[in-house]
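Take this structure first; my questions come after.
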Amino acid sequence: MSDPVIRAIIGEVSGDLALQNEWMLVPFERNRPETEYTGRLWESEYMVKKAIEYGFKDAHVETFW
């Protein structure tokens with residue numbers, strides 16, 4: 001296999017992407033904008049964006065209020 005193919009495989013199976021996603025969802029100290037208190041949290045929007053990137057066509061956030 002060529003180097004680009006090997007690097008692509010390593011990038012997919014190394015766990016770096018999963019770890020990066022975890023870091024994005026871990027609570028860290030930050031000031032949330034007012035829109036997050038009246039609408040959707042940033043983490044919810046991040047998960048929908050990632051689901052669409054991964055190929056889920058109907059990813060969305062459901063609210064129950």
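FYI, it's all coordinate maths here, none of it is from the lab. Just so it is clear, the model here is predicted, and its values are computed rather than measured. Every residue, glycine as well, gets a Cβ built from its backbone with ideal geometry; the counts of neighbours run over all protein chains shown.
Find out how many positive minus negative residues lie around residue 24, taking Lys and Arg as positive, Asp and Glu as negative, among other residues whose Cβ is under 14 Å from that of residue 24.
Working: positive: 30, 49, 50; negative: 16, 22, 43, 45, 53.
Spelling it out: positives minus negatives among the neighbours equals -2.
Among the GluC sites (Glu not before Pro) in region 10-65, which ones are in a DSSP loop with at most 16 other Cβ atoms within 10 Å of the Cβ? Mind listing them?
Passing both the DSSP loop test and the Cβ count: 29, 62.
222 nm [θ] for the chain, helices only, -39500 (n - 2.57) per DSSP H run of 4+, per residue, to 500?
-17000 deg cm²/dmol
So what is the orientation-averaged projected area of the chain, using the convex hull of its C-alpha atoms, in nm²?
Directional mean of the projected Cα hull area for the chain stands at 6.5 nm².
Modelled label-to-label distance, residue 22 and residue 45, 7 Å Cα→beta-carbon offset: nm?
2.6 nm
Under the 0.36 nm per residue contour assumption, what length would be gained going from the current alpha-carbon distance of residue 61 and residue 6 to full extension?
Net length gain for the segment: 16.2 nm.
Suppose every K and R has +1 on its Cβ and every D and E has -1 on its Cβ; what is the size of the dipole of the chain about the Cα centre, in Debye to the nearest 20?
It comes to approximately 80 debye.
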